[in-house]
Structure formats: C-alpha cells, structure tokens
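The values are calculated or read from the model by the stated rules, or taken from the named source; none is laboratory data. On a predicted model such as this, the values are computed, not experimentally measured, just so you know. We place every Cβ from the backbone using ideal geometry, glycine too, and count neighbours over all the protein chains shown. Just the protein is used for accessible areas: all its heavy atoms, side chains included, with ligands, DNA and RNA removed. Shrake-Rupley method; radii C 1.70, N 1.55, O 1.52, S 1.80 Å.
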Amino acid sequence: MTAPSAHPTFRGRIGKTVADSEPWFEEHPHAPPDAPNVVFVLLDDTGFAQLGCYGSDIDTPHIDALAANGLQFTNFHVTPLCSPTRASLLTGRSQHAVGIRSVANFLTGFPNQLGHITNHAATIAEVLREHGYATFCTGKWHLAPTQSISAAGPFDQWPLGRGFDRFYGFLDGETDQFFPELVADNHLVDPPRPPQDGYHLSEDLVDQLLQMISDSKGVRPDRPFFAYLPFGATHAPHQAPPAYLAKYAGRYDEGWDVARQRWHARQIERGIVPPHTVLAPRNPGVKPWVELSRNEQRLACRLQEAFAAFLDHTDDQIGRFVTGLELRGLLDNTILFVMADNGASQEGGPFGVMHEWKYFNGVPESVDDVVERLDDIGGPDSHTNYPWGWAQCGNTPFRWYKQNTHEGGVHVPMVMHWPAGIDAGQRGTKRTQFVNVSDVTPTVYELLGVAAPETHRGFEQLPVTGQSFASAVNDADAPAANTLQYFENGGSRALVALRDGIWWKAVVRHMPGDDYDTEQWELFDLGADPSECNDLAGELPQRLDELVGLWWSEAERHGVLPLDDRGVTLFAAPLLEHSPHTPERRYLYRPPMSRIPTQAAASAGGRSFDLSARVTRQSGDEGVIWATGSAGAGVSMFVQNERLVVDYNAFADHTVVESAAAIPEGECELSMHLRRTDRHAGTLELRVNGETAATAELPLMMRIMSSMGTSIGRDYGSTVSKRYDGGFAFSGVLHHVEIRLAPRSGSDVAATARAEMARQ
C-alpha cells in the first residue's frame, strides 16, 4: 500500500521503506543549450547626436565599435522621461498601461500612475527567470514609489521583487557619482572606497555586474543570463574623473552653433539622417553663441566639457564590460542593446547651472561670480547641468528636449550587437525602421522563442503590445512592424502613424493649464521633414484631425487617460497614516539606522521645524547627531569640542552656530529650532536641556537642499560641514532623534517640486 504524500507536487512513489519507494527530483526550468545571453545597457538623458557614431565629436569608441559590428538604429523612439521608458522597456507594453505615465515619485490615485510597474505586467527579468535565466541589474532603478525606497521598504517593487536575482545600484532618479546612495539586493550599503581613492559609480556598476556574471557562470556555465545595466550617466550631475575632464579642455570653445552644424553635417555624411534633413532652428531661449558674454561662454564651455567627459568615461566602462564578456567567452552569443532613455535634458536652463539646487531655490547665480569656480565643475564638489544650447546640440538635428514629445525628447540612439545572430554581411549596417522602446522586449522574446505568460504569480497579465522587429535583424529592407505609436507626457502628446506610405506625426507641446481641446497641434511628414520644421497643419487639416482622433483612440486602448498636467506639484509627499509621512508630521529615529533617502525622510527644507536628540555622553564624546544633504548644501547638527554645533550649509555659504558653554556630561537633550521669517530668510536657535545656547540669523533658508538623504548618528557621503572629515560618527550614546515639521507654504511646495523634476 502506498502512503499518501504530504507534498502534492511530488511525482515519485512513497512506500513503507526506501526499497519499495521511487524518488523524484524536482527539475528547475532551464534554457536550451544554445540560448543567448541578453544585455540591456541604458544611458540616461543622452540625446540622438551625442554618441560619436551618431554625429558628435565626443569620443565613444566602444559604442561605435558595437555599432560597426552590429546594427545601428536611426529611427528609435522612447518616452520623454526616464521611469516611463524603463517601464516600457522592461515589460514590452505601454508605460501608461503598466502604471508609469511619469516618474516613479508620483502617486495620483489613478491606474496610469502607480509609482511602480503593475503586477499585471511581468518584467522581462520575471519572464526569463521562469525560463531558466539568471537575472542581474546594476544601476538606476527608479521604478518603485520613492517613499518606499528606504531600509523600511516595502521591497516588493525593488528589483529583487520584480524578477532580478541580484541588484546593485540606486533606487531614485539620480545620485552623486562620487558619493552615491547605494543598495545591494535589498539592503543599503556604502561605496567600497572614497573618490580620493579613485571611486566613481559607473566603474563600480561594471565591476559588480561582471562579478555577478562570473559568480553565476563559474558554478552554472549552462545557465544563460539577462543583465540590465542602466547607468546613472549621463544624467546630472555631470561628474567624471580628472583625466577625462582635462581631455576636453577647450574642445567646445567655438560654441554650440558651430558644433551643431558640424554634428549635423557628419550625420548626413554618415547616413544617420537623410540628406534632405534640415537643421532645426534654435529653440526659444537659446541665444546665438556670439551674443553670449565672454563669461557666459566660459561657463557654457566648461559645462559641456564636463558632459563630454562623463559620456566618454561611461563609454570606457561599457568597453570594459564588453571586454569582460569577451574574456569569459560570452560575447558572441550575447544579444546586447545600448540605448538612451530620452533626449538631452533641458533642466540646466538658458545659461547652465553650477549648483542645480541653488537654481531651484530661486537664488540667481551670477555668471561673473561662478566663473571663479570653473575648476570645480565635473568634480566631487559640483552638481552641474549644461545650458539649453548644448542640450539642443545633443539632440541634433531636432527641436526641443527631454520632457517634450517632439523628436528632441523621444528620438534617441540605439545599437544592437549579436555576432552569433547577426549575419556577417549585415554587421555595420543601419536600420531605418520606426522602432519604439516597447518593441525591444517582444523582439527578444521572439529571438529566444519565449512567450510572455498569460498569468504570473497569480496575476492575469496585460497583453504585450510592443511589436517585434526581429524580422529586421538580418533584413535591412524589412517593413517596420510598428506603424502606429502614441506619446504623452504631462499633457504633451504625439502620434506617429504610417498612412498611404507616408510617416505622419501629429504633436502638441502642452503647457500646464492650457486647454487640451483648443491648443494647436502640429503636423509633420517625417519622411520629408525628419526634424519637424515644416508644419502642415494648416494645409492638411483633415489629415491632422484623423491623427488627433487616432491619438484619442490609442489613449483609450493603452490607459493613457486621464490627462494630467500637474507634474511638479505631485512631488509633495501625501500625508497618510500608514506611510513615512503621517498627518502629525512627527518623525522619531532611533539608531543604529541606515541612511534615509530624501523622499522617505523628514524634509527639513522649506519650512520651520524642531529637532531634538536625547544623548548620553562623557567628556570627549563627539560626532554627528543628525545630518541631511551633502557638501554642496545641507544641515548638520553635531557635538565637537564639548560644544553643540549646527552648520547650516546654504550652497557652500556656511552659517555655523556653536553653543557658548560646554554640554554637560551624562544624559541630556540637544535641540535645534529653525523658523522661517520671510520668503528666503530664517532664524536658528540651539538649546541644551531646554535652555537657549546660541542663536543665529539665516540669510538664506533653503527650500530644497540636495538629492542626498538623511543620516542619523553620522554624516553619510560628502560631508555637510568642513568642521570634520569622514562620517564623524557620534561616539556617545544617541538614544533618539525627534523631528516635528511645520506645514509648508504653497510656494515652498512648488520650489521643491521643480527641483525634484530636475532629478528625473
């Protein structure tokens, strides 16, 4: 008689003894022996022209070599922002349908903006893992609600919750390249070394990814892998090692007008764009180079040099990664894509910015003063972004930028490399078919012979709506699979459609508050006018009406509605009982604690607040109690030389307040009290055991400080104060830190929101 099994999935036979039983060993899914590896390399805020093989004079020999030995796509499109592109890339579906119409920082209460990818849309990592693939991600995630990216979680929308076996990188929209806020798998970690010892995040990401691959292949050489490498580069801050910055010194002294014309000519010469492509006129707000003052030119040149150095350095890391695959014998059978997530960024404004957060606090920078600090640009003490003129140059030959649905925001480079799958005669050729980012994953599925599941982890799955372009891999003349594609961001809309052999585009640049029904759409024949310079809306109103109607139809089909242009105001964290930010605005931190990312921490910028700490100390005990921000801007409260000290670092203008008397030994309460007195200024009071110990006037009370978060009992990353080095951990006993925030004014919320949008 066979005993019933307590394991319903067991397929063997259980008798009274081993002798009369039959064992069964569970076999995990495994891929076919010749299954290719798959790699997605994603660049951030990199315009269509900025790679060397797409027309620029920035040195990108490693990406250029991949294009020369693979396929170069010249008609590749994405969404206008980072999070939506990532969601569409990883799922093969519309970004709105999967819940990411905008950046992951937003929660709107509508299904098109969940702050994460819906569980009804499995990522390619989830799908391929079910088919026997190892899955790795190193880099920028930005696909989890940003209130949920602290050590408190929840972790279900972190990379390991969405199909990746391993993760190393950062979870928010940007980070400092020299002092990043790092996560390994599901826990926060420190960088392995400081920048003075040669650390840079892009190098670290490649090191970590190669080790993950070696760890997997060394033990399981039969198991293919999917690797996702979304660099922080080339998103601001533009930071690179000194040798790369020195390499580009003086290269852009001719200015953006000359550079843009040269890059455009090179694009035509190399067949990147058709020979009849017109170079779009300067965008509004971009001055002719010769009209800039000498100091404006000096600043603009140095900012562009930093960007070029950053991209060059990133290309070298891609080269190291490719070499690593080659040395491991993996390169030939790896399907490798390199692409950008949106066009070049417009957040540097008309002149560029030395410190983005100062710019978004409404504090004007004098170009004549800034040029005294040109040598800081691109290094650990900088947080810069380049001006509109250089951004449009990066988007040559197009109009507009990231965030816009015109070609400058959505038409970007993509290279595909796969020696084992691309015929020798096709290598080094170009593909002009219209391709959208949602088409990449369906193409990989077809090449691997994998079908997306109808259900995953109990969730019924949305249909994969991207169109595979696998037929074009070895046929340059294959027809485009995707002939109807919508775009939308913050109310700006566009539709590309093939009609009667012509590729039409209808597009509208929406400004918040404008009437959706009456604002003027433009119409372009992209075959005759790739750079959108000849608006045909007045000549062909019926065609325009047809395309606008199609846009609304596609919007219904893909879950785009409701249209929402609230953009920046959505960065204000909602006050909810079961969240990091409760209605009472009270925060209680008990060390030891990991650092707290900006949007999960008590926000000390832009409002009055009280901070108190209960400590026990002996003579000589000192260190940081609480710090937020970085060397560029922030606030630190610490004990030093027996005194309570607060350093209010307003963009390198330090107001240091120090108690007159020594702090008593034993248990005591140390507190700081900030009060806003007008739009910009405030006061700071220190108290020891409730008694006033020092006061100071703050000429600038910052509304927003930094992308770097909060530390308890130490100062993480680049230190806020020059009064100490390293983390300066508190050596006494820190029992707790309590923060009580006052409500923000409407203008403070708007300032914070504008700064947060720049981080995306």
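Numbers below:
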{"quantity": "Single residue of the stretch 507-525 satisfying the filter (assigned to a strand (DSSP E or B) and of a type in the set (A, V, I, L, M)) that is nearest to Gln542 (Cα to Cα)", "calculated": "Leu523"}
{"quantity": "Test: residue in the stretch 56-63 that is more than 20 Å from the chain's Cα centre (by Cα), among the polar types (S, T, N, Q) and either at pLDDT 95 or above or open to solvent by less than 10 Å² (accessible area, probe 1.4 Å) (or both)", "calculated": "yes"}
{"quantity": "Among the residues listed as Thr108, Thr91, the single one being surrounded by fewer than 24 Cβ atoms within 10 Å (Cβ to Cβ), hydroxyl-bearing (Ser, Thr, Tyr) and under 23 Å from the mean Cα position of the chain (by Cα)", "calculated": "Thr108"}
{"quantity": "Output for the stretch 523-566, where each listed residue is touching a strand residue (DSSP E or B) at 6+ places or on another chain (Cβ under 7 Å), open to solvent by 40 Å² or more (accessible area, probe 1.4 Å) and acidic (Asp, Glu)", "calculated": "Asp535"}
{"quantity": "Any hit, the stretch 304-314, residues being over 22 Å from Ile63 (Cβ atoms) and buried (at least 24 other Cβ atoms within 10 Å of the Cβ)", "calculated": "no"}
{"quantity": "Residue count for the stretch 673-706, restricted to those that are open to solvent by 80 Å² or more (accessible area, probe 1.4 Å) and either touching a helix residue (DSSP H, G or I) at 6+ places or on another chain (Cβ under 8 Å) or of a type in the set (Val, Ile, Thr) (or both)", "calculated": "4"}
{"quantity": "Residues (open to solvent by less than 10 Å² (accessible area, probe 1.4 Å), touching a residue at least 40 places away in the same chain (Cβ under 8 Å) and touching a Pro at 6+ places or on another chain (Cβ under 8 Å)) located in the stretch 195-242", "calculated": "His200, Pro224, Gly232, Gln239"}
{"quantity": "Of residues in the stretch 126-142 being in contact with a helix residue (DSSP H, G or I) (Cβ under 7 Å, 6 or more places away or on another chain) and surrounded by fewer than 24 Cβ atoms within 10 Å (Cβ to Cβ), the one nearest to Val437 (Cα to Cα)", "calculated": "Glu126"}
{"quantity": "Odd one out for Gly271 among (1) part of a helix (DSSP H, G or I); (2) under 26 Å from Cys533 (Cα atoms); (3) open to solvent by 10 Å² or more (accessible area, probe 1.4 Å); (4) among the small types (Gly, Ala, Ser)", "calculated": "(1)"}
{"quantity": "Selected residue (criterion: modelled with the lowest pLDDT) from residues of the stretch 333-373 that are among the acidic types (Asp, Glu) and under 30 Å from Leu66 (Cβ atoms)", "calculated": "Glu347"}
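One line per residue, one yes/no per condition, for (1) farther than 19 Å from Ile63 by Cα; (2) of a type in the set (Asp, Glu):
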site	(1), (2)
Glu326	no, yes
Met339	no, no
Ser345	yes, no
Gly348	yes, no
Gly352	yes, no
Gly362	yes, no
Glu365	yes, yes
Val371	yes, no
Pro380	yes, no
